[in-house]
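The values are calculated or read from the model by the stated rules, or taken from the named source; none is laboratory data. Because the structure is a prediction, the values reported are computed rather than measured. No Cβ is skipped: glycine too gets one built from the backbone with ideal geometry, and neighbour counts run over all protein chains shown. In case anyone asks, the SASA skips ligands and DNA or RNA and just uses the protein heavy atoms, side chains included. Shrake-Rupley method; radii C 1.70, N 1.55, O 1.52, S 1.80 Å.
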Amino acid sequence: YHLTEKLGWDHMVSIYKNKIRERTKIVNFSKMGGTSSPIYRNVLFSTFVKPYFTWLCCIIPILTEKQRADLEHFFLTCCKRTEMNFAWPDLQFMTYNSIAPLESICRNYWARYSVFLYKSEDGKLLFEQASWNSHRQCWLRKELRVRNIHRSKRFGQFSATIERSLRWLEI
């Protein structure tokens, strides 16, 4: 994680975008036997570039809509660079080359991850923390009474990352 004064995801996403650009350039310049076939470039793309997008799937649910759309466009641009096909619109390119959108890849990632979480001890602890958060929200709305604890007006809304991610998965 790359922290700045702003505490946002933009800086970290831009660092990964630069890494992805560098890897995409390497994929496009690599040749086997003096030539570079689309199949060879796609294999290299899946091996060296796509893992960075897979890592970004971890934080996609907590990004804004604009950031998600920007990453989606960036993903398709990188795929087009690998195929060396810039003339087609995004939808036509995805359909012809059987490329799943980045959001679909991320939803599949989170669906598999949530199944793993339900079965693991760490997942149970994360869901328990999320339920404590819902108790706290009820207490702040005065639906639940707890004696001798002061309600602060400076309380910032907190939602666990796992909650936001699972809510995004349901949409």
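Some notes on this structure:
- Out of 163, 103, one residue alone is acidic (Asp, Glu), open to solvent by 40 Å² or more (accessible area, probe 1.4 Å), in a helix (DSSP H, G or I) and at pLDDT 80 or above. It is 103.
- Cβ-Cβ under 7 Å pairs, at least 6 apart or on other chains, segment 74-91 side modelled with pLDDT of 85 or more, far side of a type in the set (Phe, Trp, Tyr) and part of a helix (DSSP H, G or I): 75/53; 76/93; 80/93; 82/45
- Of all residues in segment 63-89 being open to solvent by less than 40 Å² (accessible area, probe 1.4 Å) and hydroxyl-bearing (Ser, Thr, Tyr), the one that is farthest from the chain's Cα centre (by Cα): 82
- Taking every residue in segment 35-64 that is under 16 Å from residue 106 (Cβ atoms) and in a helix (DSSP H, G or I) and pairing it with any residue that is open to solvent by 60 Å² or more (accessible area, probe 1.4 Å) and of a type in the set (S, T, N, Q), at least 6 positions away or on another chain, the pairs with Cβ-Cβ distances below 7 Å are 62/161.
- Test: residue 151 is more than 20 Å from residue 46 (Cβ to Cβ), open to solvent by 100 Å² or more (accessible area, probe 1.4 Å), modelled with pLDDT under 85 and not hydrophobic (A, V, I, L, M, F, W, C): no
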